[in-house]
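Notes to accompany the following structure.
Here, each number is a calculation from the coordinates, and none is a lab measurement. Source: prediction; values computed, not measured. Cβ placement follows ideal geometry from the backbone for every residue including glycine, while neighbour counts extend to all protein chains displayed.
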Amino acid sequence: MTDGNSETKSSNQMWGGRFASGPDAIMEEINASIGFDKKLYAQDIRGSIAHATMLAHQGIISTEDKDKIVHGLNTILSEIESGAFEFSRRLEDIHMNIEARLATLIGPAAGRLHTARSRNDQVALDFRLWVKEELQRTEKALTALIAAFLDRAEEHADTVMPGFTHLQTAQPVTFGHHCMAYVEMFGRDRSRVRHAIEHMDESPIGAAALAGTGFPIDRHMTAKALGFAGPTRNSIDTVSDRDFALEFLSMASITATHLSRLAEEIVIWSTPQFGFIRLSDAFSTGSSIMPQKKNPDAAELVRAKTGRINGSLVALLTVMKGLPLAYSKDMQEDKEQVFDAAESLELAIAAMTGMVRDVTIRTDRMKAAAGSGYSTATDLADWLVREAGLPFRDAHHVTGRAVALAEQKSCDLADLSLADLQSIHADITDKVFDVLTVEASVASRTSFGGTAPNEVRKQIAWWRARN
Ligand code: ARG
């Protein structure tokens with residue numbers, strides 16, 4: 001015990017300065033999870049109410065005791081929500097904190113609640129319920145982000161910009177098409193969320209410590225009461241599995257990775273050098289020394305949160321790796337990773353949704369950049385294939401020479417004269433100028449999933465029908 005005369009129990013001289021006494025205080029500190037698992041209070045109480053109700057229904061406890069238990073648990077719920085509840089580290093975790101308070105409130109009947117269950121299935125239940133609810137929140141948040149992108153894509157289906165590979169100007173695309181690339185990514189993230197919910201939609205309660213129980217419980221009843229599709233099928237797996245948490249973290253890492261690529265583009269595009277976008281005041285900050293600056297801090301922080309979320313995934317994978325079945329206390333380390341990643345992800349998605357909705361698109365700058373860097377060179381090569389019957393490889397070579405000539409004359413491809421072009425290949429006619437503008441280039445990319453405005457509009461409609 002840590003109270004009483006701390007002077008008589010000496011703590012470790014090397015590192016025990018903050019401890020009142022020897023190993024038992026350290027034990028308490030390393031063992032306790034109440035500091036973070038109090039977040040599971042609502043799920044714990046819901047699970048206990050379902051369990052007690054089932055126990056009474058099955059005749060395992062009396063209806064009177066069940067009523068006392070349910071009443072007591074509801075009292076505790078309001079105590080916690082009003083801030084009146086006193087959490088104790090001595091009582092280790094949320095499960096024992098609530099049970100101890102229940103005993104104070106209702107007396108011996110409280111001791112019957114833990115019949116036919118263990119903290120092992122209890123924590124598996126509470127945490128699953130929490131993760132499932134978090135996934136439902138993530139699904140909504142992603143839907144809002146997708147909706148923001150669909151609106152911007154529709155607005156800018158005709159806005160031309162340079163498309164990049166290696167961050168070098170490649171071919172003209174539309175900003176609407178670029179937005180829709182993110183819709184595809186976040187759409188897949190959202191389906192990963194939906195799959196994760198389906199995977200974890202099984203109730204752990206009733207697996208007890210690991211072997212099940214001899215009491216005539218009804219696991220289908222508790223599963224139904226708690227909104228699960230059914231009970232888990234193997235009690236050993238139930239108390240030792242945390243892949244629902246790993247699935248949450250994998251989904252979070254992939255989503256965050258997508259968000260960070262978007263964040264990076266926002267950072268680059270908002271520089272004066274690019275100038276493709278202007279961030280709203282609401283999502284940028286100023287510099288304390290340089291008055292002209294407007295910094296994309298929100299985007300930078302989203303980019304950074306990704307490191308943190310990826311770290312959580314790796315941390316929990318490492319905790320779980322090599323653990324023998326069934327429960328081990330190592331698994332208590334699952335929660336902080338998930339809580340931290342969930343908070344970061346929620347914030348990152350919300351910040352991005354706000355930025356996407358608020359950002360000003362500088363269509364003039366995008367258009368000017370779209371035409372530079374010989375972005376329509378592929379269109380010239382394609383024209384030579386189509387109209388002059390050249391094999392693509394030869395057309396590629398001829399076009400390369402045209403680019404070199406334009407470079408030499410410091411002009412764009414479209415500014416070369418017909419005579420210039422014909423000096424490179426005699427079959428070129430003035431019809432070629434029709435394909436050298438960025439608008440013509442973009443409009444010609446009509447293959448399924450291509451950048452032509454009408455194609456992009458089809459994809460927007462496809463997504464709108466699925467939102
Ligand atoms: N706080 C514990 C955890 O989060 C609850 C389960 C404890 N089970 C046990 N057998 N000690 O994992």
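Legend: calculated FRET efficiency, ARG401 to ALA440, from the Cβ-Cβ distance at R0 = 22 Å, rounded to 0.05, equals 0.55. Per-residue extension of 0.36 nm, minus the Cα-Cα distance of GLU139 and GLU154, leaves a gain of 3.2 nm for this segment.
Placing unit charges on the Cβ atoms of the charged side chains and taking the dipole of the chain about its Cα centre, the candidate lying farthest along the positive direction among GLN408, LEU249, ILE94 is ILE94. For the stretch 197-287, applying the loop criterion from DSSP together with a ceiling of 14 other beta carbons within 10 Å to the trypsin sites (Lys or Arg not before Pro) yields ARG233.
Seen from PRO172, the other residues with C-beta closer than 11 Å to its C-beta sum to a net charge of 0, counting Lys and Arg as +1 and Asp and Glu as -1.
Lys/Arg Cβ at +1, Asp/Glu Cβ at -1, dipole of the chain taken about the Cα centre: which of ILE428, SER328, MET366 is farthest positive-ward? Toward the positive end, the furthest listed residue is SER328.
Pairs with C-alpha atoms separated by more than 19 Å, drawn from the list LYS39/LYS140; LYS431/LYS458; LYS38/LYS321; LYS132/LYS224; LYS140/LYS335; LYS38/LYS132, are LYS39/LYS140; LYS431/LYS458; LYS38/LYS321; LYS140/LYS335.
Amide H contacts for SER203 (H built 1.01 Å from N in the peptide plane; partners 5 or more residues away or on another chain; cut-off under 5 Å): GLY230, THR232.
A Förster radius of 22 Å combined with the Cβ-Cβ distance from GLU346 to LYS38 puts the calculated FRET efficiency at roughly 0.70. The H on the amide N of ILE61, modeled in the peptide plane, is under 5 Å from the matching H of ALA56, each at least 5 residues off or on a different chain.
Mind listing which trypsin sites (Lys or Arg not before Pro) in the stretch 373-411 are in a DSSP loop and have 12 or fewer other Cβ atoms within 10 Å? Here the trypsin sites (Lys or Arg not before Pro) that fit, given the DSSP loop and packing criteria, are LYS409.
What the pair-distance distribution of the stretch 254-409 shows, using all Cα-Cα distances binned every 10 Å from zero, is 9, 23, 19, 18, 17, 9, 3, 0 percent. A crude spin-label estimate for the pair ASN295 and MET96, with each label 7 Å from Cα along the Cβ direction, gives 4.6 nm. Label positions at ALA84 and GLU198, each projected 7 Å from the Cα along the C-beta direction, are separated by 4.6 nm.
Each listed q (0.16, 0.19, 0.25 Å⁻¹) maps to a log10 I(q)/I(0) for the stretch 317-407, found by the Debye formula over equal Cα scatterers with no solvent: -0.80, -0.95, -1.14.
Summing +1 for each Lys or Arg and -1 for each Asp or Glu among the other residues whose beta-carbon sits under 12 angstrom from that of THR306 gives +2. Helix 94-106 axis versus longest C-alpha principal axis of the chain: approximately 40°, rounded to the nearest ten. Note on ASP394 and PHE164: with the Förster distance fixed at 35 Å, the Cβ-Cβ geometry gives a FRET efficiency of about 0.85. Simple spin-label estimate for ALA426 and VAL314 gives 6.3 nm between the two label positions (7 Å along the Cα-to-Cβ direction from each Cα). Extent along the principal axes, Cα only, for the chain: 100, 53, 40 Å, with the longest axis given first. Dividing the summed helix terms, -39500 (n - 2.57) for each DSSP H run of n ≥ 4, by the number of residues in the chain produces a 222 nm estimate of -19500 deg cm²/dmol to the nearest 500.
Counting only alpha carbon atoms, the long axis of helix 453-464 and the longest principal axis of the chain meet at about 10°.
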